[in-house]
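Peer 1: Please read through the structure below; I'll follow up with questions.
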Amino acid sequence: GVCELIRSWKDKNTAFIHSFYIDKEYRKKGIGRKLLEKVIDILKNDDFKEIELNVDPGNKAASQLYKDFGFKKIILRKNEYGRGVDRDLMRLKL
């Protein structure tokens, strides 16, 4: 699995999950859950206060994983990645 993080340009205490990916062969085995758990632990230890991410509203599995960890949907960003490519902005307070 891969998780790419960047520090928010708006707030140095906010991390943004730029990409989060588990290879299809390894999905539904708890790997994404373990990876996200580790990422959250690292960010807490580094004194980040929140995590944000964008997720495809149609990706129910990813959306549910984030909700399971306490992420809340903040807003639907229309055309975030081009015409007709919407994303839900989600946030987790640490």
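Yes or no, residue by residue, for (1) more than 14 Å from Arg91 (Cα to Cα); (2) assigned to a strand (DSSP E or B):
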residue: Trp9; (1), (2): yes, no
residue: Ser19; (1), (2): yes, yes
residue: Lys34; (1), (2): yes, no
residue: Glu37; (1), (2): yes, no
residue: Asp41; (1), (2): yes, no
residue: Phe48; (1), (2): no, no
residue: Gly58; (1), (2): yes, no
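Peer 1: Out of everything in segment 61-86 that is of a type in the set (D, E, K, R) and modelled with pLDDT under 95, what residue ends up being nearest to Arg27 (Cα to Cα)?
Peer 2: Let us first name the residues in segment 61-86 that are of a type in the set (D, E, K, R), namely 67-68, 72-73, 77-78, 80, 83, 86.
Subsequent filtering for residues that are modelled with pLDDT under 95 retains 77-78, 80, 83, 86.
Numbers: Arg77: 27, Lys78: 28, Glu80: 26, Arg83: 29, Asp86: 24 Å.
It comes out as Asp86.
Peer 1: Residues being in contact with a helix residue (DSSP H, G or I) (Cβ under 7 Å, 6 or more places away or on another chain) and either of a type in the set (Gly, Ala, Ser) or farther than 10 Å from Gly1 by Cβ (or both): count how many of those fall in segment 34-52. So that I can check it myself, show each step before the final result.
Peer 2: The initial filter retains those residues of segment 34-52 that are in contact with a helix residue (DSSP H, G or I) (Cβ under 7 Å, 6 or more places away or on another chain), namely 36, 51.
Of the ones still in play, those that are also either of a type in the set (Gly, Ala, Ser) or farther than 10 Å from Gly1 by Cβ (or both) are 51.
Number of matching residues: 1.
Peer 1: Here is a follow-up. From the list Ile31, Ile22, Ile74, exactly one residue is free of Cβ contacts under 8 Å to residues at least 40 places away in the same chain, over 19 Å from Val2 (Cβ atoms) and among the aliphatic types (A, V, I, L, M). Which is it?
Peer 2: Going through Ile31, Ile22, Ile74 in turn, the sole match is Ile74.
Peer 1: Under 8 Å by Cβ, and 6 or more places apart or on different chains, what pairs join a residue from segment 51-67 that is farther than 22 Å from Ser8 by Cβ with one that is not polar (S, T, N, Q)?
Peer 2: Cβ pairs passing all conditions: Ala61/Arg27.
Peer 1: Could you please give the count of residues in segment 73-86 that are in a strand (DSSP E or B) and either surrounded by 15 or more Cβ atoms within 10 Å (Cβ to Cβ) or touching a Lys or Arg at 6+ places or on another chain (Cβ under 6 Å) (or both)? Show your work before the answer.
Peer 2: As a first pass, look at segment 73-86 and keep what is in a strand (DSSP E or B): 73-77.
From what's left, either surrounded by 15 or more Cβ atoms within 10 Å (Cβ to Cβ) or touching a Lys or Arg at 6+ places or on another chain (Cβ under 6 Å) (or both): 74, 77.
Residues meeting the conditions: 2.
Peer 1: Further question on the same structure: Name the single residue, out of those in segment 21-32 being part of a loop (DSSP other than H, G, I, E, B) and not charged (D, E, K, R), that is surrounded by the most Cβ atoms within 10 Å (Cβ to Cβ).
Peer 2: For segment 21-32, the residue satisfying everything is Ile22.
The values are calculated or read from the model by the stated rules, or taken from the named source; none is laboratory data. This is a predicted model, so every value here is computed, not measured. When we count neighbours, we look across all protein chains shown, and the Cβ atoms used for this are built from the backbone with ideal geometry, even at glycine.
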